[in-house]
């Protein structure tokens, strides 16, 4: 029997064809018919509590909750009858009964669904009501400001914490009109907690850092892309008078708290002009002077005595231009893998997250090796959790024991277990064998360890063994933590045959074989004992790199330039110039273009378009063939105690993130350990 | 009537051991009935025209339309003010409930039954548990599993989907799409009285049951009489018995005589009040009560004489509903509190006549737009107050305004 998938219904006497299984609301939205709703979000479960989406269905006695009722053949739906608009008015009356009339004070005003809908569908008058409900002030942690009097109990935040964030930290306590929304521990520790601010339709949960700083209509919105992790979340940056006020996700996406709140780091510790170290102290200088010193040093050295490193936030253009310069100067020592992870670059698929975020939904088994996706890429972790909740998705982890918000088999912290899986001697090998679309995720914990190469190759062998790499499915994934890494790998910013990689360069600088170290935005490596090496730092924040530098060249950050980034899935995305960089700071590629002229290897790029035309942009994700196998001998992997709120130079300069790391990390770590023990028991 | 009674032990209040129950006829021919097959049981119940003995009075045969279910859920969780029948059944006839569960399970091919019992019913749960223990010892259930689930209770559990949510371990809140599945499998939900009635129907035959009662309400029903009657009691009577007769024969009459009678709640507080004019010749069956815009409900009759402050009673009921509302949907969550606040005011007359219109409007919207039936239940007593006792309310408002010198006499 073939099931009918298309059915005929009518909405407001207009015939509509739609798919079985959709709800009335979804069909109306597809047709562009407006049905107001306050408690509905397409990625969360359905509550049906707000009663704004009521519609009339012919032959059904009561008004129907359109967000929860699936369409049926021949349904006649009416969304604009007098009865429906009466019901909407009535629901708004009930909602506004306890809602304080403080719109002029409220940050939500101007973008508040409750306000908009009261305006569009409401009575247009207040009704004499009894005493308003007054709630106690609730504490939601350093990021969320709660004004519970405004709460309309849509339960969106509760459902979000439960279903997407997976931390179940927000709950609705009590019942009836004594229901209270509360953060159960007085703090929301999830890395995705900021999303409840966008979800809240009534201004009850607001952004604490943004509190009282502006209104929606005063700000201009620009679309760009985030660089706090390698997911490259699409974001909207809102600006007032040349200052970034806040960052929001684009429609229908979740973003991590770091993406949302770290932008205040862009106004602290910035480098606004070149500096030169004179007698051990940094002195402001002109661009010409700074270049003069660098050129003097460079021309006195052999190419093999210089090394160039690229950091985590560097865009693709810079990497490309710098590579062209280095090719001309014949400098062999260069690397973009700041964390020192092993990654082959012969084929693009070798270092990408090949399954892609959407692809995770098709997977049916997952092996994570040496990674903590919850902290390294929270949005990605939410995708894995979504798949996990879909059921029938065994997950196993080799590496540090952590709370990933879903249950998994912990196969130990030693990578030797991978050998057992490869040989089929491990129970999880059976699971992988039985799976149709198995996936493996390799993270920095494995790749940065001493045996990174062997672990990588074993993982590749596992991928081949369990048929993960096929024409229709690619289950081999590398998790990146740096937004610029994939782009730089795409342009091939890796050491030449005789050159050193990151670890080699640092060693060389320490023992003194390398006389000049040129850092482009490299801040996550602890530099010490580099007395004899001349260090040039180019970047936007005065952090670890700048502290050691002899010459500092000020660059601009991701919101201050037009630039290309490639995310870990291999998708090219563009960041846009939204605000002006501070002082004399310039785009990184322009600095290198300028430098190329003074060192005598002038590069032919005068505009960004000229670089874009040459960029090796590819969508291919082919894998290299015949990766030779390498045995893991000891299998120790790196354990990371990295602080989620302090991973890059922008976060480290951000007061909000500092606050979070003080208030949340200790709580989160405690919760992680406890949460995991609960899961296991 | 006496020989037609099903729940004899409710009157006698004798022991509830398996042996005592067997002497009353329970478990007598169970194996024989079971051997006749599920189809026979379904047919018998369909022929008997048995209706659900709580809220809506849905036909059981209609509930069994799909003819199979994985789970049977027995709702002993939904008690509302005024009804005591459930409690009495669990206390004095636990074996009928268990036997009924087994027979329904056999009829629908279910493998498990959950009896959801309120946490407050401590004694009843113990009785039920020991009865279940005895039955298991004698291996009367076979493969059929019965579990007693202690719920946090709440009138809202009368809403079937809310009961299922509670059983699945979540807050008792109704489901938006009316999905009646338990753990993803089909389930049939019955009240305690319905379940306990079924063994007797199958033993004595559907024609016997159908010969009792009225056209649309067959059989007998438990009524609990409370309030201003001389002897409050739980009693079984034929459907269609007149209210006056019931009060006079079993309740010993209204305190102060029929002349002193003010109003009655015919079946639990969500059925509203009926004043004396209507009660004079009121029969207790589904259709007669529907005719007067009320409902038989659970059969919990609360009688009120003229010493009752009917507005305060309504305010107290409104408070009950305010506390029992689950808080999921807006009209019910806010509306019940609003109604309570208004009634608190009106019970001393503090207000204007316009408040009554507002109240009326509010109640109408509450029952129209709420997610589940609870909004309607909560509105019902107040609606009936406005319908039958509006002069009383207006009088109070007038007196209050006179006393506070806002209006001249």
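Seen from a random direction on average, the alpha-carbon convex hull of region B:1-68 projects onto 6.3 square nanometres.
Estimated from the Cβ-Cβ distance and a Förster radius of 45 angstrom, the FRET efficiency linking residue A:101 and residue B:129 is about 0.25. Secondary-structure-derived ellipticity at 222 nm for chain A, considering helices only, amounts to -7500 deg cm²/dmol, per-run term -39500 (n - 2.57) for DSSP H runs with n ≥ 4. A simple spin-label model places the labels of residue B:392 and residue B:137 5.2 nm from each other, with each point 7 Å out along Cα-to-Cβ.
Ordering B:399, A:306, A:148 from the fewest to the most neighbouring beta carbons within 10 Å gives B:399, A:148, A:306.
May I ask you to derive the FRET efficiency for residue B:291 and residue A:163 from their Cβ-Cβ distance with R0 = 56 Å, giving the value to the nearest 0.05? Computed FRET efficiency for residue B:291 and residue A:163: 0.75.
Partner shielding of A:50-60 amounts to 2, given as the average count of beta-carbon atoms from other chains within 10 Å of each residue beta-carbon. Where does helix B:192-204 land angle-wise versus the long Cα axis of chain B, in degrees 0 to 90, nearest 10? Result, in degrees: 40.
Projection of the Cα convex hull of the protein assembly as shown, averaged over all directions and equal to a quarter of that hull's surface, yields 51.8 nm². Would you look at the GNM of chain B, springs on alpha carbons closer than 10 Å, and say which of B:23, B:112, B:330 moves the most? Greatest mean-square fluctuation among the candidates belongs to B:23. Going from the residue with the fewest nearby Cβ atoms within 10 Å to the one with the most, B:3, A:296, A:433, B:171 rank B:3, A:296, A:433, B:171. Protection proxy ranking, highest mean first, for peptides B:130-137, A:439-446, B:231-238: A:439-446, B:231-238, B:130-137, where packing is the per-residue count of other beta-carbon atoms within 10 Å, averaged.
Computed from Cα positions, the angle between helix A:378-389 and the longest principal axis of chain A comes to roughly 50 degrees. Treating each Cα of region B:102-172 as an identical point scatterer and summing with the Debye formula, the log10 of I(q)/I(0) at q = 0.16 Å⁻¹ comes to -0.64. Taking a point 7 Å out from the Cα of residue A:272 in the direction of its Cβ, the residues of region A:562-585 whose backbone N falls within less than 11 Å of it are A:582-585. Normalised by residue count, chain B yields a Cα convex hull volume of 131 Å³ per residue. Given R₀ = 30 Å, what would the calculated FRET efficiency be for residue B:170 paired with residue A:72, taking r from the Cβ atoms and rounding to 0.05? Plugging the Cβ-Cβ distance into 1/(1 + (r/R0)^6) gives 0.65. Summarising the label geometry, the points placed 7 Å from Cα in the beta-carbon direction at residue A:510 and residue A:613 lie 4.6 nm from one another. Computed from the C-alpha gyration tensor, the three semi-axes of the ellipsoid equivalent to region A:220-299 are 37, 14, 12 Å, from longest to shortest.
Compared with the dominant Cα axis of chain A, that is its longest principal axis, helix A:666-680 is turned about 70°. Peptide A:144-157 shows a mean partner chain C-beta count of 1 within 10 Å per residue C-beta. Annotation: peptides A:477-486, A:199-208, ranked by per-residue average of other Cβ atoms within 10 Å with the highest first, follow the order A:477-486, A:199-208. Taking other Cβ atoms within 10 Å as a rough exposure proxy, A:501, A:13, B:309 sort from fewest to most as A:13, B:309, A:501. Note on B:333-342: average number of Cβ atoms from other chains within 10 Å of each residue's Cβ is 6. In region A:98-267, the alpha-carbon atoms span a convex hull of 129 Å³ per residue.
Placing a label point 7 Å from the Cα of residue B:120 along the Cα-to-Cβ direction, the residues of region B:253-269 whose backbone N falls under 14 Å of that point are B:269.
When only alpha carbons of region A:547-635 are considered, Rg and Dmax amount to 18.7, 53 Å.
Here the contact order of region B:243-284, divided by its residue count and restricted to Cα pairs under 8 Å and six or more residues apart, works out to 41 percent.
Once both labels are positioned 7 Å from their Cα atoms along Cα-to-Cβ, the gap between residue A:139 and residue B:185 label points is 4.7 nm. Contact order for chain A, expressed relative to its length and based on alpha carbon pairs under 8 Å spaced 6+ residues apart, stands at 15 percent.
No value in this document is a laboratory result; all are computed from the given coordinates. Values in this document were obtained by computation on a predicted structure and should not be read as measured data. Cβ: placed from backbone, ideal geometry, glycine included. Neighbour counts: every protein chain shown.
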